[in-house]
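Taking it in order: structure first as structure tokens, then the write-up.
The values are calculated or read from the model by the stated rules, or taken from the named source; none is laboratory data. This is a predicted model, so every value here is computed, not measured. We place every Cβ from the backbone using ideal geometry, glycine too, and count neighbours over all the protein chains shown.
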Amino acid sequence: MMVSFTLNGSPATGRVERPVSLLDFLRDELEVTGSKSACEQGECGSCSVILDGVVVCSCLVMAADVEGSSVTTVEGLESEETLNAVQRAMHETGAVQCGFCTPGIVVAATDLFSHNPSPTTVEIKEALAGNICRCTGYGAIIRAFETLAEESA
Ligand code: FES
Ligand code: FES
């Protein structure tokens, strides 16, 4: 079957031959590889995308179910080919970590700041609760977003 939806603001169509996750559909069929495949069990957040306005783990969504929906991946978060505020904050404060956890963190934080431009530390931590780093930690990331929240206050 063919699946048509809006991907990062543009029409997208791909063939789904078998039951496949949105994550694999994005990466393997559409070659949009910013969302990363790690646990594939909804535990780590590296595959996070915004589906119809809600952050979801794309490894837990079936590709066939996004027919007619709007999906935003990390590739769709830049603003006119420049870093968005979340990306800029991470870059400027040295909070960019590895290529597995960072895309999901950028997606979750961009969603948070789009709804709440000046979140508290608790709200930042809650928004990132589904994004797991296996190796370094969260201190730099939290500080980056606290700084961004202060700038936005
Ligand atoms: S790969 Fe989807 S939550 Fe880990
Ligand atoms: S998982 Fe990316 S830095 Fe730890």
The number of residues in region 41-56 that are surrounded by 15 or more Cβ atoms within 10 Å (Cβ to Cβ) and within 15 Å of ligand 2 (Cβ to nearest atom) is 5
Assess whether Gly94 counts as being within 16 Å of ligand 2 (Cβ to nearest atom), surrounded by 18 or more Cβ atoms within 10 Å (Cβ to Cβ) and of a type outside the set (A, V, I, L, M, F, W, C).
-> no
Looking only at region 113-129, and only at residues there that are outside any helix (DSSP H, G or I) and not small (Gly, Ala, Ser), the one that is surrounded by the fewest Cβ atoms within 10 Å (Cβ to Cβ) | Thr120
Specify the residue that is farthest from Ala38 (Cα to Cα); the eligible residues are those in region 104-153 that are at pLDDT 95 or above and basic (Lys, Arg).
-> Arg143
Run down Val56, Val71 and say which single residue is within 26 Å of Gly137 (Cα to Cα), modelled with pLDDT of 95 or more and assigned to a strand (DSSP E or B).
-> Val56
